[in-house]
Structure formats: C-alpha cells, structure tokens
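Report on one structure; see the data block that follows.
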Amino acid sequence: VQLQASGGGLVQAGGSLNLSCAVSGSTTRANGMGWYYLVPGKQREWVADITSDGRAGYADSVKGRFTISRDNPKNTVYLQMNSLKPEDTAVYYCYAVVSSKHYWGQGTLVTVSS
C-alpha cells in the first residue's frame, strides 16, 4: 500500500491550496484518512481526519478554514486549505488506515508567505 500526496506549494497569506492523497496498491477501502503537519524542530500536529462514512474532525487552529473530504471509489482524501496563514507553513503528511494498518504519504510542503 502506498500513499501519494500532492498539491503543496508556495502561496501568499490569505490564499488557498488543495492537497490530495491517493491510496494505491490496495483494493480495500481505507477506513480513517487524514492529515498531520510537521514543522522542523516541533512535534507532528494533527490537522484533520475523516471516517469512511464522511464524519470529519478538525484541529481548532484550522476549523472554519480547512475542509477535509474523500472520494471513496478513488480511495483519495483531500484537504482544501483556505485563508492560509504563515503559521500554516509546514510539511503536510496524509495517512490512511487500511485493514487496520496505518500507512503514511511522503509529505508535501506548504509555504505561506506574509
């Protein structure tokens, strides 16, 4: 099972990005899927997650700005990031739970300039 994340980049404060993460190598639908971010020198922080039936949860820091969604037939999770702030700058990692095992994507860098 592999996860391929994409969509990161450089954006000005107030701008938007849409991250995506596709699961390959499995015909089994992923259960929980979600995103974390990592800033060098700090601990990994949870951003959002979504269950297979679409229930979503968000960190307080992103509520109202980020939206997580998924496409079950494509086994893909998305993170729409709006009203970005410089403090959102980080490497974003997706994960998926497939057959009770956690798998991680390679990370995609999001840089928000002020």
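The values are calculated or read from the model by the stated rules, or taken from the named source; none is laboratory data. All values reported here derive from a predicted model rather than from experimental measurement. Heads up, the Cβs are rebuilt from the backbone with ideal geometry, glycines too, and the neighbour counts pull from every protein chain shown. For the accessible areas, the whole protein counts, side chains as well, though only heavy atoms, and no ligand, DNA or RNA atoms are used. Shrake-Rupley method; radii C 1.70, N 1.55, O 1.52, S 1.80 Å.
When the charge dipole of the chain is built from unit charges on Cβ atoms (+1 for Lys and Arg, -1 for Asp and Glu) and taken about the Cα centre, the candidate among I50, A90, N18 whose Cα reaches farthest toward its positive end is I50. In order along the range 14-19, the Karplus-derived 3J(HN,Hα) couplings, from 6.51 cos²θ - 1.76 cosθ + 1.60 at θ = phi - 60°, round to x, x, 9, 9, 10, 8 Hz, and Gly and Pro are given as x.
Rounded to the nearest whole Hz, the Karplus-based 3J(HN,Hα) values (6.51 cos²θ - 1.76 cosθ + 1.60, θ = phi - 60°) of the range 70-77 follow the sequence 8, 10, 4, x, 8, 6, 10, 10, with x at glycine and proline. Highest GNM mean-square fluctuation among A13, A48, A30, for the chain modelled with Cα contacts below 10 Å: A13.
Excluding G34 itself, calculate the net charge of residues whose Cβ lies under 11 Å from the Cβ of G34, where each Lys or Arg counts +1 and each Asp or Glu counts -1. It would help to have the intermediate numbers written out before the result.
On the way: positive: R70; negative: D49.
Result for the local shell: 0.
Rolling a 1.4 Å probe over the protein chains gives R70 an accessible area of about 40 Å².
Magnitude of the Cβ-charge dipole of the range 55-114, K/R +1 and D/E -1, about the Cα centre, nearest 20 debye?
Details: 7 positive and 4 negative charges, 44 e Å.
Dipole of the range 55-114, to the nearest 20 debye: 220 debye.
For every other residue with a beta carbon closer than 14 angstrom to the beta carbon of G14, add +1 if it is Lys or Arg and -1 if Asp or Glu, then tell me the sum. Don't skip to the end; give the middle numbers.
On the way: positive: R65, K85; negative: E87, D88.
Result for the local shell: 0.
Within a straight-line Cα-Cα reach of under 15 Å, K85 can be paired with the following aspartates and glutamates, leaving aside sequence neighbours fewer than 8 residues apart in one chain: D60.
A simple rule links phi to the HN-Hα coupling: the Karplus curve 6.51 cos²θ - 1.76 cosθ + 1.60 with θ = phi - 60°, which for the range 79-87 gives 9, 7, 10, 10, 6, 5, 10, x, 6 Hz, with x for Gly and Pro.
The relative contact order of the chain comes to 37 percent, based on Cα pairs under 8 Å that sit 6 or more residues apart.
Rounded to the nearest percent, how much of the accessible area of the chain (1.4 Å probe, protein heavy atoms only) is carbon and sulfur? If you can, show how the numbers build up before the last one.
Values: 2860 of 6070 Å².
On the chain, the fraction of accessible area on carbon and sulfur atoms equals 47 percent.
Treating only the Cβ of Lys, Arg, Asp and Glu as charged (+1, +1, -1, -1), what charge dipole size does the chain show about its Cα centre? Round to the nearest 20 debye.
140 debye
Just to confirm, what accessible area per residue do you get for the chain at 1.4 Å probe, in whole Å²? Don't jump to the answer; show the numbers that get you there.
Values: 6070 Å² over 114 residues.
For the chain, the per-residue accessible area is 53 Å².
Placing a pseudo-label 7 Å from each Cα along the Cα-to-Cβ vector at D53 and E87 gives an inter-label distance of 3.5 nm. Counting only lysines at least 8 places from K101 when in the same chain, those with an alpha carbon closer than 29 Å to its own are K42, K63, K74.
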